[in-house]
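Below is one structure, written out as structure tokens, with a few remarks after it.
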């Protein structure tokens, strides 16, 4: 072989080596970036798990009517509600308080279990008054970034009974004696009835059909114990779409108000994904119309 052919063969070998090396690096780097990108994307922008939110919605509505919201492929099926035997649980159910929409006695739900709360504040002499204030006003941060809405409709007397019962729940069987110390602080409950009156006047526009302000709408939802804000927020997506997103979708649609009122009343699935919306049959027609017009005005 001549010297020229030897040089050509060597150069050819070098170029082919460089080519295969570059291709291999591209393949390896691409695979690594794909894996890292997939993991990073999952953590930062994890896809909605319909089954998780189905269970969360089901837990929220069960204390009200034991509604089984089913899956995206099945229609909602109502089952009879089992009457609670614990006096405090019966109080929560009878008064329509939203406590059990986010909390369970033994298990994690949207918020911590009552037993976990009791364990956290065991031995804390200031826990009862602190928790009563926090539950009444709402807050965020102690148990994560999911906010607890204000429970302004719970009377001071009932609040004291519920908080005392929660703090006694670490032992499981200590719930009944908790009713006795709750009787003493019951006297301050009287101002609660007078305090609630201004709230009622704020929500009068619901009966007249006038468009509510955001403050009036939230006050109406809170006062009546409606579950709207359990799944929706004004500005952001939660379990369901944000109210401003709904308003943008139906902007200019003359039939939107009646259609949305009917859908919110009866429940449904499909418009915003696979997570079903449970029926809201306890919302009066006047309140429903007022809330729908408020949403569409955002």
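Considering every residue within region 114-126, establish whether at least one is at pLDDT below 90 and under 14 Å from the mean Cα position of the chain (by Cα).
No, because not a single residue in region 114-126 is at pLDDT below 90 and under 14 Å from the mean Cα position of the chain (by Cα).
Restricted to region 97-144, and to residues that are touching a residue at least 60 places away in the same chain (Cβ under 8 Å) and part of a helix (DSSP H, G or I), which residue is surrounded by the fewest Cβ atoms within 10 Å (Cβ to Cβ)?
Here the answer is 102.
Among helices (runs of 4 or more DSSP H) lying entirely in region 202-298, which contain 1 or more residues that are buried (at least 19 other Cβ atoms within 10 Å of the Cβ) and at pLDDT below 80?
Passing ranges, in order: 205-208, 228-231.
Quick one: is residue 215 under 18 Å from residue 150 (Cβ atoms), without any contact (Cβ under 8 Å) to a residue 60 or more places away in the chain and more than 17 Å from the chain's Cα centre (by Cα)?
yes
Looking at (1) modelled with pLDDT of 90 or more; (2) surrounded by fewer than 15 Cβ atoms within 10 Å (Cβ to Cβ), find the lone condition where residue 75 falls short.
Unmet for residue 75, out of (1) modelled with pLDDT of 90 or more; (2) surrounded by fewer than 15 Cβ atoms within 10 Å (Cβ to Cβ): (1).
The values are calculated or read from the model by the stated rules, or taken from the named source; none is laboratory data. Everything quoted here is computed from the prediction, not taken from an experiment. Cβ sites come from the backbone with ideal geometry, for glycine too, and all protein chains shown count toward neighbours.
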